[in-house]
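One structure is given here, and the rest of the page talks about it.
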Amino acid sequence: EPEVTQTPSHQVTQMGQEVILRCVPISNHLYFYWYRQILGQKVEFLVSFYNNEISEKSEIFDDQFSVERPDGSNFTLKIRSTKLEDSAMYFCASSVQHHWSYEQYFGPGTRLTVT
Amino acid sequence: AQSVAQPEDQVNVAEGNPLTVKCTYSVSGNPYLFWYVQYPNRGLQFLLKYITGDNLVKGSYGFEAEFNKSQTSFHLKKPSALVSDSALYFCAVRGNTPLVFGKGTRLSVIA
């Protein structure tokens, strides 16, 4: 069964550094998402991406964040200058159609630790 | 504002007994409701959804959920629990803002 993959599984970085989290969505999916889950808290929506542009974003997704689909398979989340409070599990997801009624398929996550 | 409440952090049930994991929501407009399950070191896996139509929806692994508009609830149920159902369960809702998740309920099925 096809699945969403994410790399790395764990990333440790120093405050102020840039990080890029990578995701490979399911190949025939068209709609991509990033979520984060701070330890012990809810899963929070960050951004959705369709047709090479951001469809929706939350207030968490400020100017420090950016997303890109640099080629036909990868989908990346960049944090320009990490802060301690960016430490979280980051999940990538994809769905087959451009509509919220379609279920999303999640990757296993990247645990980001900012020291 | 859109919100989801899962009032129980932990649900314990004996194997073979029925299980219920509760979820209530608050949303503007008609909701899209979802249940996801998370096993250790895995991403969230889709279980079932309610978009429109029959209030009782059936999903993967024998799970079902009932949409109750008057009580704004979408409780997850299974007639007979298995030890392998032990995991973290998330309810999520989409109204007029992106998907909002509950904080999760840890289900423990005891043999």
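The values are calculated or read from the model by the stated rules, or taken from the named source; none is laboratory data. Predicted model only: the values in this text are computed from it and were never measured. Glycine also receives a Cβ, built like all others from the backbone with ideal geometry; neighbour counts cover every protein chain displayed.
Confirm whether B:Y32 is away from chain A (no Cβ under 13 Å), under 28 Å from A:V4 (Cβ atoms) and either surrounded by 21 or more Cβ atoms within 10 Å (Cβ to Cβ) or of a type outside the set (S, T, N, Q) (or both). Spelling it out, it is not the case that B:Y32 is away from chain A (no Cβ under 13 Å), under 28 Å from A:V4 (Cβ atoms) and either surrounded by 21 or more Cβ atoms within 10 Å (Cβ to Cβ) or of a type outside the set (S, T, N, Q) (or both). Looking at A:L30, A:L77, A:L112, just one residue is at pLDDT below 95, surrounded by 13 or more Cβ atoms within 10 Å (Cβ to Cβ) and either of a type in the set (K, R) or more than 21 Å from B:W35 (Cα to Cα) (or both), and that residue is A:L30.
Is there a residue being without any contact (Cβ under 8 Å) to a residue 40 or more places away in the chain, on the phi > 0 side of the Ramachandran plot and assigned to a loop (DSSP other than H, G, I, E, B) anywhere in the range B:60-68? Looking through the range B:60-68, none of the residues is without any contact (Cβ under 8 Å) to a residue 40 or more places away in the chain, on the phi > 0 side of the Ramachandran plot and assigned to a loop (DSSP other than H, G, I, E, B). Within the range A:58-69, residues that are within 21 Å of B:F101 (Cα to Cα) reach partners that are among the aromatic types (F, W, Y) with beta carbons closer than 6 Å, at six or more positions or on different chains, in the pairs A:S58/A:F45.
Applying the criterion of at least 1 residues that are more than 18 Å from B:L88 (Cβ to Cβ) to the strands (runs of 3 or more DSSP E) found wholly in the range B:10-51 leaves B:10-14, B:24-26, B:32-38, B:44-50.
Of everything in the range B:87-111 that's more than 14 Å from chain A (Cβ to nearest Cβ) and surrounded by fewer than 20 Cβ atoms within 10 Å (Cβ to Cβ), which residue is farthest from the chain's Cα centre (by Cα)? Reasoning before the result, please.
Looking only at the range B:87-111, we keep the residues that are more than 14 Å from chain A (Cβ to nearest Cβ), and these are B:107-111.
Narrowing further to those that are surrounded by fewer than 20 Cβ atoms within 10 Å (Cβ to Cβ): B:108, B:110-111.
Details: B:S108: 15, B:I110: 20, B:A111: 22 Å.
My answer is B:A111.
Taken across the range A:37-49, residues that are in a loop (DSSP other than H, G, I, E, B) and away from chain B (no Cβ under 14 Å) do not occur at all. No other residue among B:L47, B:L33, B:L19 is in contact with a Ser or Thr (Cβ under 6 Å, 6 or more places away or on another chain) and of a type outside the set (S, T, Y) apart from B:L47.
Somewhere in the range A:52-69, is a residue assigned to a loop (DSSP other than H, G, I, E, B), over 25 Å from B:C91 (Cα atoms) and among the basic types (K, R)? Yes, some residue in the range A:52-69 is assigned to a loop (DSSP other than H, G, I, E, B), over 25 Å from B:C91 (Cα atoms) and among the basic types (K, R).
Within the range B:76-86, is there a residue that is of a type in the set (D, E) and part of a loop (DSSP other than H, G, I, E, B)? Scanning the range B:76-86 turns up no residue that is of a type in the set (D, E) and part of a loop (DSSP other than H, G, I, E, B).
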